[in-house]
Each structure stands twice: as C-alpha cells, then as structure tokens.
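Notes follow once the structure below has been shown.
Derivation of every value follows stated rules applied to the coordinates shown; laboratory data play no part. Computed from a prediction, not measured in an experiment: that's the story for all the values here. Every residue, glycine among them, receives a Cβ derived from its backbone with ideal geometry; neighbour counts consider all protein chains shown.
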Amino acid sequence: MQQALANLQSSLNRVRDITAEIDANAQAALRDSTILARHETTLCAATVILSGFLESFLKELAEDMVDEICNRAVPFASLPDKVRVTHFWDGAKCVSDIARRERSDNPLVLAKATDAARRLASVGSQLPYEMLWEAFAETQANPGPAEIREFLKRFAIDNPLPRLAAAMKVGENTLLIGLDSFMQVRNECAHTGSATNVPTTTGVREFCDLIEQIGVGIMTLFQEVLGKPPYVVPPPALPAGGGP
C-alpha cells in the first residue's frame, strides 16, 4: 500500500512542478496574452488530471488492501458482512461488465471474465481464496465526498468521512468543503475547457495538498482496520491471577 501512496505523491509533485514553472514565467504572461492563455489552459488541465490521480490511487489501494486481507488467511465467513457482500454483490456486476467488454472485442476469448469468475467463486472453498478486488475499487464517478464515502464503506469502515477527516487531522466540514470546491472546479474545467474563475497556481497546489492528505488519511484508516480483529487475532487471555 505504501507504493500506491508513493505513486500518488510522485504524480502530485509533477503537477506542483508545473505550477512552479508557471509562476516563474508570470511576468512573461503579463506581457503576452498568448502565454497567459496557455498558462490558464494548463492550470485547467492540471485540475482535471488531479481527479484522475486520486481515482487511480483508490483503485491501486483497493487492490493492495484486498491482497492484504487475503494474505491474512482469515476465513471468509469471519470477514465483516460488508466486505463479504461487496465481494459477491459488486463482484457479480464486475464479472458481468468484464464479460460484456471482452465479448465486444472478441467473442471467442473471455479470459479476463473467466479469471474474475474464478476469483468470485474462490471464497467458497478452503483457504487461500482470492477476493475480487475490482468490486472494491469502483468509484462510479469522479471521487467526490459521496464516492469516497462509499469506497471506505466497502471495507466496513463506519462513519467514513468523519473518521477520514480525523485521520487527516482536520474537521469534517473542512474536508467536505475542500473536496466539493475541488470537484466543482474540476467539473467546470472538464466540461467547458475553462472555468469562470481559472484556478490559480496557489489553488492547484492546495488541491494537490488536499489529495495527498486524503491519500495519507485513507492509508491510516486501512492500517487501523488491519490492526484489529478479524485481521489480527488477539492474544489469549491470561489465567486468573495474571500469571501462567
């Protein structure tokens, strides 16, 4: 999971470098409207791609988290209800979607769908099993508050947004306002190619910081989950008297 976070941070740093370069050429942009327009377009594009970085991070992290759960060798029946339901309910839809895409490419080859179906059914046999990580990774849309809430709930994380905000060491309203603001600007840039208020270099860097904080916060929540039952078996209770 650390690699998923490192990949996100590397991507965010590339965007930060772009904003630094724009700042370094601010005087030229003031003298030349063509350069200014190029900078504004670049900042709009950077804002759009940031949501793609966050979505990619969530998918990569979901795959890593599911692999970690499977590696813990916890009997499937002992997993939280929400995890098991997500594997079957969302997993079945994933198998259908994969098969539909493959059939349109080559009706004689359904290798990916076959593999997904095998993993979906694997939990019914003895250990080890392979849960369908794709079932946990779907964000349905650009990852705003509702999508991140549902993403965390699939891993049986209750009160997901308040807990995420706490892990980020910010208030829940701060998280919600920041994400809503980011998604509003992102959608305007994506759907119109520009924005009523073009994001500034400072604003884009603030979006980068927000996304990085969200990434670190989700990692913290996942580590907390993995550090508790059923993923960690508690030590046996000491006999009465506190000694062996």
- Query: Once both axes come from the Cα atoms, what is the angle between helix 201-226 and the longest principal axis of the chain, in degrees from 0 to 90, rounded to 10?
  - Reply: 0 degrees
- Of the labelled options (i) 62; (ii) 48; (iii) 56, which one gives percent of Cα pairs over 24 Å apart as computed for this structure? (iii)
- Task: Would you compute, from DSSP H runs of 4+ residues alone, the mean residue ellipticity of the chain at 222 nm, taking -39500 (n - 2.57) per run and dividing by the full residue count, rounded to the nearest 500?
- Result: -23000 deg cm²/dmol
- Could you give me the radius of gyration and the Dmax of region 44-102, taking only the C-alpha atoms into account and expressing both in angstrom? 15.3, 47
- Residues in region 198-218 that a label on R16 would reach, taking backbone N under 18 Å of a point 7 Å out along Cα→Cβ: 200-218
- Message: Can you give me the C-alpha center-to-center distance between region 155-198 and region 44-114, rounded to a whole angstrom?
- Response: 23 Å
- Item | the chain: relative contact order in percent, alpha carbon pairs under 8 Å with at least 6 residues between | 30 percent
- Query: In nm, to one decimal, how far is the E172 label point from the D23 one, both placed 7 Å along Cα→Cβ?
  - Reply: 3.4 nm
- Query: For H87, H191, what ranking results if the residue with the fewest other Cβ atoms within 10 Å of its Cβ goes first?
  - Reply: H191, H87
